[in-house]
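In what follows, a structure is listed as structure tokens, so that the remarks can point back to it.
The values are calculated or read from the model by the stated rules, or taken from the named source; none is laboratory data. This is a predicted model, so every value here is computed, not measured. Every residue, glycine among them, receives a Cβ derived from its backbone with ideal geometry; neighbour counts consider all protein chains shown. For the accessible areas, the whole protein counts, side chains as well, though only heavy atoms, and no ligand, DNA or RNA atoms are used. Shrake-Rupley method; radii C 1.70, N 1.55, O 1.52, S 1.80 Å.
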Amino acid sequence: MSTYVYGIARAGHPEPEQEILGIGDPPRPVRVVRGGDLAAIVSDCPERLRPKRRDLLAHQHVLTEAGADGAVLPLRFGSLSDSDEAVREVLAEHAEHYKAQLDDLNGRVEYNVKAAHREEDVLRRVLAEEPEIRALNEANQASGGGAYQDKLRLGELIANAVRAREVSDAHTVETALTPRAEQSRPGPEGSGWLVNLSFLMRREDASAFLEAADRLGADNPHLELLVNGPLPPYSFVRPLESAAAE
């Protein structure tokens, strides 16, 4: 049976006082595999592992529980090794890489912020703030809807204005929140959000970050903001491939 790896910690990381259950159905008990100066938080891996919601949540739960006892470098869902002994070999081979990242991310958490336009609110703002669009819209309404070319022109003007506001609002979000964090990273593109950013910060700075996010939402009611955290700092873990390239 393969070994599933949740994260990496220092060798002195304590065993959990109470049993932590991880992925699988039934859930597999979590254990600590130690090797040299490091330790890995692991469990047995079920056959045919799939990114089901239950297992994704279990992966994050294990990292949250283990992180309460000390710094844990979180690995992405689906990190596997052939055996516990193979895990020890990886810990030994890449010990300096892992120890440096544990130092960098110690006491840090991640918050992910997504933003989208509230469509009707944005359209109202565009009509109120763009004189050409407002005038053409009023003229079309006065003429019973307007000619085809006038409707087409109005649609183009509105689409261009909304795209420009997307760029402007994305900059507003980034400018408001980036100073409250140590680092930021973009999330996957094409997700339907005009902003998808992850922020790294010290755990004790999170309240100031959340207050800034609340102010941002209050000042920009046309934005739908989704703030998720605190999370293990997944987005700020450097993969082994990048370490080898440095």
**Prompt:** For region 192-237, which residues satisfy the criterion of being open to solvent by less than 70 Å² (accessible area, probe 1.4 Å) and of a type in the set (D, E, K, R)?
**Reply:** Asp205
**Request:** Mind telling me which of the residues Gly155, Gly146 ends up being open to solvent by less than 80 Å² (accessible area, probe 1.4 Å), part of a loop (DSSP other than H, G, I, E, B) and without any contact (Cβ under 8 Å) to a residue 60 or more places away in the chain?
**Result:** Gly146
**Prompt:** Right, Glu93: open to solvent by 50 Å² or more (accessible area, probe 1.4 Å), of a type outside the set (Val, Ile, Thr) and at pLDDT below 90 or not?
**Reply:** no
**Fill in**
In region 94-121, residues that are more than 18 Å from His13 (Cβ to Cβ), touching a Leu at 6+ places or on another chain (Cβ under 9 Å) and assigned to a helix (DSSP H, G or I) total 1
**Prompt:** Across region 191-204, what is the number of residues that are more than 14 Å from Lys114 (Cα to Cα) and touching a strand residue (DSSP E or B) at 6+ places or on another chain (Cβ under 9 Å)?
**Reply:** 4
**Prompt:** Between residues in region 33-58 that are under 28 Å from Ala11 (Cα atoms) and in contact (Cβ under 8 Å) with a residue 40 or more places away in the chain and residues that are assigned to a helix (DSSP H, G or I) and of a type in the set (D, E, K, R), which pairs lie under 6 Å by C-beta distance while being six or more apart or on different chains?
**Reply:** Val33/Asp84; Gly35/Arg88
**Message:** I'm trying to understand the selection: among the residues of region 158-195, which are assigned to a loop (DSSP other than H, G, I, E, B) and free of Cβ contacts under 8 Å to residues at least 24 places away in the same chain?
**Reply:** Pro188, Glu189, Gly190
**Request:** Return the residue satisfying two criteria in turn: it lies in region 1-35 and is of a type in the set (D, E, K, R) and under 17 Å from Val87 (Cβ atoms), and of such residues it is modelled with the lowest pLDDT.
**Result:** Glu15
**Asked** Could you give every pair whose Cβ atoms fall below 6 Å, whose first residue belongs to region 196-220 and is on the phi < 0 side of the Ramachandran plot, and whose second residue is open to solvent by 10 Å² or more (accessible area, probe 1.4 Å) and among the polar types (S, T, N, Q), counting only separations of at least 6 or pairs across chains?
**Response** Leu197/Ser184; Ser198/Asn112; Ser198/Ser235; Phe199/Ser184; Leu200/Gln183
**Message:** I'm told Arg50 meets every condition in (1) over 26 Å from the mean Cα position of the chain (by Cα); (2) at pLDDT below 90 except one. Can you identify the failing condition by its number?
**Reply:** (1)
**Request:** Would you be able to tell me the number of residues in region 161-191 that are over 24 Å from the mean Cα position of the chain (by Cα) and either farther than 18 Å from Leu223 by Cα or surrounded by 14 or more Cβ atoms within 10 Å (Cβ to Cβ) (or both)?
**Result:** 2
**Request:** Pairs only if they're at least six apart or on different chains, beta carbon under 7 angstrom, first in region 59-76 and of a type in the set (Phe, Trp, Tyr), second part of a loop (DSSP other than H, G, I, E, B); list them, first residue then second.
**Result:** none
